[in-house]
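This report concerns only the one structure given below.
The values are calculated or read from the model by the stated rules, or taken from the named source; none is laboratory data. Everything quoted here is computed from the prediction, not taken from an experiment. For neighbour counting, all protein chains shown are included, and Cβ atoms are generated from backbone atoms with ideal geometry for every residue, glycine included.
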């Protein structure tokens with residue numbers, strides 16, 4: 001805080017100079033790009049799309065089981081190790097889901113002009129990690145022969161609520177959960193997918209992006225291990 005010099009009041013010229021003295025300011029950006037609220041919806045939409053892709057692996061793994069389809073019965077009688085069947089099925093499901101996500105990304109990027117921070121190459125890495133996680137989750141769900149795809153769809157839509165997909169109220173809820181219970185957000189695969197794209201857009205460092213990809217990879221590994229164990233323990237009284 002400062003006060004005017006009383007001597008300036010007696011000098012009109014000095015007083016005028018004091019009143020017209022300009023202060024220069026510099027505008028600083030704390031993020032890589034200017035914040036755009038609309039991208040949040042599209043990132044959350046990509047997360048939900050990846051989650052829904054889990055239904056491809058679910059149906060594919062269910063069809064490999066001997067008591068679900070004739071194809072599964074032939075595979076069981078053929079004596080092919082179940083882990084090989086599981087790996088081949090998940091790989092095919094991942095290829096399909098990754099191709100679908102690529103089309104969605106290309107449409108958002110080039111047709112809708114969604115900003116991904118100019119890091120398209122790293123976005124493909126995020127899509128690959130997302131589709132691997134979804135395929136592994138779908139494979140785990142597929143080890144339950146009677147599980148309906150609608151249940152996976154419902155779970156995906158519910159988890160997408162915490163990414164802010166459904167409007168401003170959902171965004172406020174997602175922000176509150178992320179601020180107060182961050183571990184709960186980190187355990188949400190839909191949130192991790194959306195956050196990986198946020199990291200590429202707003203952070204100079206790739207470490208937040210790498211963290212999200214590592215979490216998605218860990219989730220995929222956990223789902224794969226449990227799915228393999230469940231497939232190994234399956235027994236059939238008759239085919």
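Within the stretch 109-143, the residues that satisfy the criterion of being touching a residue at least 60 places away in the same chain (Cβ under 8 Å) and either farther than 26 Å from residue 225 by Cβ or assigned to a loop (DSSP other than H, G, I, E, B) (or both) are 112, 114, 115, 116, 117, 119, 122, 123, 143. Screening residue 181 against (1) touching a helix residue (DSSP H, G or I) at 6+ places or on another chain (Cβ under 9 Å); (2) more than 25 Å from residue 64 (Cα to Cα) leaves a single unmet condition, (1).
Scanning the stretch 120-148 for residues that are surrounded by 16 or more Cβ atoms within 10 Å (Cβ to Cβ) and modelled with pLDDT under 90 yields 142, 143.
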